[in-house]
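Notes follow once the structure below has been shown.
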Amino acid sequence: MPTYKAPLRDTRFLMNEVFDFPAHYAGLSNGGDATPDMVDAILGECGRFCEEVLAPINLSGDLEGCTFENGEVTTPKGFKDAYDQFVAGGWQGLSHPAEYGGQGMPMSLGLIKSEMMGTANWSFTMYPGLSLGCMNTIMQHGNDTQKNLYMPPLVEGRWTGTMCLTEPQCGTDLGQVKTKAEPQPDGSFKLSGTKIFISAGEHDLAENIIHIVLARLPDAPAGTRGISLFIVPKFLVNADGSLGERNPVTCGSIEHKMGIRASATAVLNFDQAVGYMIAQPNKGLEAMFTFMNTARIGTAVQGVAHAELSYQGSLPYALERRSMRSLSGKKEPDKVADALIWHPDVRRMLLTQKAFAEGGRAMIYFAAQYADHMTNGIIENDQKKYDYWDDKLGFFTPILKGFLTEMGLEAANIGMQVFGGHGYIKEHGMEQIARDARIATLYEGTTGIQALDLLGRKVLLTTRGKCVRDFTADILKFCGRHARNKKMRRYVWDLTKLCAQWNYLTTRIMLAARKERDMVGAASADFLMYSGYVTMAYFWALQAAVAQEKLENGGAEQAEFYQAKIQTAEFYFERLLPRAQAHATSMLAPVKSLMQMDKDHFAFF
């Protein structure tokens, strides 16, 4: 099975040499303690925890899975001890306010921590990961009493949190939510209904679970305008913070899943369960977007995590496994055959994994700086600042979630391919990565939903293309700075053409959609993937530019590290970026070929 090694050299390259996190942190109101030495120590200790504690129970957790009996869930062997170490290390509260027991570090450090944890063991990371969105929702929309009561134990990790949206009759279409919330004389509510697909909805790791639940008031209007948001604890919480009696919210079953088998995905039944409203009546969906956007960025991290772990499994195998001779002549004549890595197609697969993992990591770290500014808006009670950065991050969220999870899945499948038949065998761990990666393209909104959110809501309805124009303007500024650099010429030229094309495609779709409303739905998936390939191209060009400069003037890494960055960027531009043109052609294709067939003619039996 893959032996996980935290990619600290790449992390430090991005943080210190590409994105200048030290200067970024120095400009944040909560970044004073995030000094280079402190950040380096945090990264090192997190890497050790992931390598020594989480990674060793990844395969065993998958093989054992969770067990369910009489409403109780038992996590696999080693998970409870690992979670206790996670809590003892203060990892849950790394990026949450000190007033609630956290360390008050910027949010980006939490995302970087999550990437390492998720790569080492995604199933485990789901348990504390869902708590982050719960805490962010309470932080932004809860009243002072709710914050003081729930935040400290959540920040500590003694309690965990969930998000309860989906019901048997509805997934993405939350306007169909049926769970009812009946007001009580004491200001609380009694919730009744069933929620499904609730990650970490029941487990044995923490003493309490705080559910964030969408439900309807008795007089609520139909559709999404009539949804409110509630805090529903597994165990009721007394005014002094101690636990009271068990709330009537019970686990009816857990799902038998294709992957992330060590993460309990629960069916939760609310039977007059006591809940407390958070945010305003009938405004719950707006408040829940705080939770969902947090979760979507976290899921984008999963794409990078699976690409990285699969690459870490593939590379040693390709270096050690011998098969046939190189087409260009013997490379290891003293051996019975040459190693797989000498074959061009194997290199194509390895470089694809490497390009997606490291390119995706750069995209995440860039967005993480936006998230830091957005979070500072909350901390500083500056709504204007929060809205500004939330809007900027909102454009990237569906690209990150949709594109990176699709690329993570591709990288995971490639990992199996590098191993050949051995990749299909459980003991090697590669098929687990592929199974675990599959869910990332589905939850928190499928790739199709992310595509509609990007093109339909963010690009066309909300900004009428301005978000694309703004981002491409930033890319063109980069191109302008490097236009005279001969070594950067190919990147500058390709990116300049792509920026013009991206804006052209946006305008073409906008105009076509006025006459053909289905155009948006027909073009959206290709538009998202095109956006993803162009965005990743920019960040590979950025890394190549920095690597070139460091080769000439010296940097923190060896010359071979920077040379590998440049060579990976060249591979991406020559072998992967051309895929964008196929998406460009497809998104402008007539809607007729999609919609003309009668629904009864899709099959003849």
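To the nearest ten degrees, helix 36-49 and the longest principal axis of the Cα atoms of the chain are 80 degrees apart. Straight-line cross-link reach from residue 335 at under 28 Å between alpha-carbon atoms covers these lysines, not counting any fewer than eight positions away in the same chain: 354. In region 2-47, Rg over Rh equals 1.03, where Rg is the alpha-carbon radius of gyration and Rh the Kirkwood radius from pairwise Cα distances. Shown for the chain: the carbon plus sulfur share of the solvent-accessible area, taken with all protein chains present and a 1.4 angstrom probe, equals 54%. Region 73-95 and region 200-243 have their alpha-carbon centroids 23 Å apart.
Sorted on the mean count of surrounding Cβ atoms within 10 Å across their residues, most packed first, peptides 492-500, 218-226 read 492-500, 218-226. What angle, in degrees between 0 and 90 and rounded to the nearest 10, separates the Cα long axis of helix 107-120 from the longest principal axis of the Cα atoms of the chain? Helix 107-120 sits at roughly 70 degrees to that axis.
How far is helix 466-481 tilted, in degrees, relative to the longest principal axis of the Cα atoms in the chain, given as a value from 0 to 90 rounded to the nearest 10? The two axes meet at around 40 degrees.
Given the peptides 159-166, 90-97, 376-383, arrange them by the average over their residues of other C-beta atoms within 10 Å, most packed first. If you can, show how the numbers build up before the last one.
Numbers: 159-166: 24.9, 90-97: 22.8, 376-383: 14.5.
With the highest mean Cβ count within 10 Å placed first, the list reads 159-166, 90-97, 376-383.
Once you have the alpha carbon radius of gyration of the chain, what is it after dividing by 2.2 N^0.38 Å, with N set to its residue count?
Numbers: Rg = 24.4 Å, N = 605, 2.2 N^0.38 = 25.1 Å.
After normalising by residue count via 2.2 N^0.38 Å, the value is 0.97.
Of all aspartates and glutamates in the structure, those lying under 16 Å Cα to Cα from residue 385, and not within fewer than 8 positions of it along the same chain, are 372. Both radii were evaluated on the Cα set of region 439-502; the Rg over Rh quotient, with Rh as the Kirkwood radius, amounts to 1.15.
Ranked from the most accessible area to the least, with a 1.4 Å probe and all protein chains present, what is the order of 289, 21, 605, 366? Please report the intermediate quantities before stating the final value.
Numbers: 289 65, 21 0, 605 240, 366 35 Å².
Order by accessible area, largest first: 605, 289, 366, 21.
Modelled spin-label separation between residue 5 and residue 280, with each label point placed 7 Å from Cα along the Cα-to-Cβ direction: 5.5 nm. Distance from the C-alpha centroid of region 519-582 to that of region 490-518: 19 Å, rounded to the whole angstrom. Peptide packing: for 258-268, 540-550, 355-365, the average count of neighbouring Cβ atoms within 10 Å per residue gives the ranking 355-365, 258-268, 540-550, highest mean first.
Could you tell me the calculated FRET efficiency between residue 496 and residue 586, based on Cβ-Cβ distance and R0 = 22 angstrom, to the nearest 0.05?
On the way: r = 23 Å, r/R0 = 1.04.
Calculated transfer efficiency: 0.45.
Which aspartates and glutamates have a Cα lying under 13 Å from the Cα of residue 234, excluding residues fewer than 8 positions away in the same chain? Those aspartates and glutamates meeting the cut-off are 72, 202, 204, 207, 245, 271. Annotation: average projected area of region 340-446 is 8.1 square nanometres, based on the convex hull of Cα atoms across all directions.
For region 563-576, backbone phi angles converted through the Karplus equation (6.51, -1.76, 1.60; θ = phi - 60°) give residue-by-residue couplings of 5, 5, 4, 5, 5, 5, 4, 4, 4, 4, 5, 8, 10, 10 Hz, Gly and Pro being listed as x.
Calculated FRET efficiency, residue 84 to residue 469, Cβ-Cβ distance, R0 = 41 Å: about 0.25 to the nearest 0.05. Based on the reciprocal of the average 1/r between different C-alpha atoms, the Kirkwood radius for region 268-345 equals 17.7 Å. Once the C-beta distance of residue 510 and residue 170 is scaled by a Förster radius of 35 Å, the resulting FRET efficiency is 0.70 to the nearest 0.05. For region 95-208, the calculated P(r), taken from all Cα-Cα distances in 5 Å bins from zero up to the bin holding the longest distance, is 2, 10, 16, 19, 21, 16, 10, 5, 1, 0 percent.
Centroid-to-centroid, using Cα positions, region 1-62 and region 302-344 are 28 Å apart.
Checking the Cα-Cα distances for 257/458; 384/458; 147/195 against a 21 Å cut-off, the pairs over it are 257/458; 147/195.
The values are calculated or read from the model by the stated rules, or taken from the named source; none is laboratory data. As the structure is a prediction and not an experimental result, all values here were calculated from the model. All Cβ positions, even for glycine, are placed from backbone atoms using ideal geometry, and neighbour counts span all protein chains on display. We work out accessible area using only protein heavy atoms, side chains counted, and drop any ligands, DNA or RNA first. Shrake-Rupley method; radii C 1.70, N 1.55, O 1.52, S 1.80 Å.
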